[in-house]
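Visitor: Once you've had a glance at the structure underneath, I'll fire off some questions.
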């Protein structure tokens, strides 16, 4: 008879083999950059996908400086060397991330286990809302960048107090955060 620890180890190994065989991997979220949608301890199921399978607003995980980063995919652009650079952004940030090479993409988050409930991000309602949130996130990043440029070029020369770029970006962040919270509430109601 197997001990409880041995049985748990075998079950864990079988699960890992099954997950890798079907192209899925699990990650535990840690950080604040995707708050309120992701919180410390949320378990993310990640599917290995090609860049061509991504849509603006999809949640992705990529490797950067020996860290796994979970952020929202915004767009990709051709790099000088002919490869693709991907652009992502945390929901809780005004600025977009630095671009990264497509070979650093670990995958797309397709499921989140949070507080005892499961959110399937591949369902149509989540795909539509994720795309909408992606558009809001890109808008927020563009406004923030342009306000920062305006501040540096104009306000610093005139020595007058500017509207702070992050304050302007809050006009976008507030409805985006409200939408995220509403989606999380709906997922709670839908799973009961």
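Every number in this text was worked out from the coordinates using simple rules, so none of it is lab data. Keep in mind that what you see is a predicted model, and the values were worked out from it rather than measured. All Cβ positions, even for glycine, are placed from backbone atoms using ideal geometry, and neighbour counts span all protein chains on display.
Visitor: Can you put 121, 86 in order of Cβ neighbours within 10 angstrom, beginning with the fewest?
Guide: Details: 121 18, 86 22.
Fewest to most other Cβ atoms nearby, the residues stand as 121, 86.
Visitor: For residue 80 and residue 182, compute 0.36 nm times the residue count separating them, minus their Cα-Cα distance, and round to one decimal in nm. It would help to have the intermediate numbers written out before the result.
Guide: Values: separation 102, 0.36 × 102 = 36.72 nm, distance 4.08 nm.
The residue 80-residue 182 span can extend by a further 32.6 nm.
Visitor: Turning to a different aspect of this structure: How would you rank 76, 55, going from fewest to most other Cβ atoms within 10 Å of each one's own Cβ?
Guide: On the way: 76 20, 55 12.
In order of increasing Cβ crowding within 10 Å: 55, 76.
Visitor: Okay, next question. Subtract the Cα-Cα distance of residue 115 and residue 24 from 0.36 nm times their separation in residues, and report this length gain in nm to one decimal. Present the calculation step by step, with values, prior to reporting the outcome.
Guide: Numbers: separation 91, 0.36 × 91 = 32.76 nm, distance 2.10 nm.
The span from residue 115 to residue 24 would gain 30.7 nm if fully extended.
Visitor: Also, quick follow-up: Quick one: 80, 128, 135, fewest Cβ neighbours within 10 Å first, how do they rank?
Guide: Ordered from fewest to most neighbouring Cβ atoms within 10 Å, 80, 128, 135 come out as 80, 128, 135.
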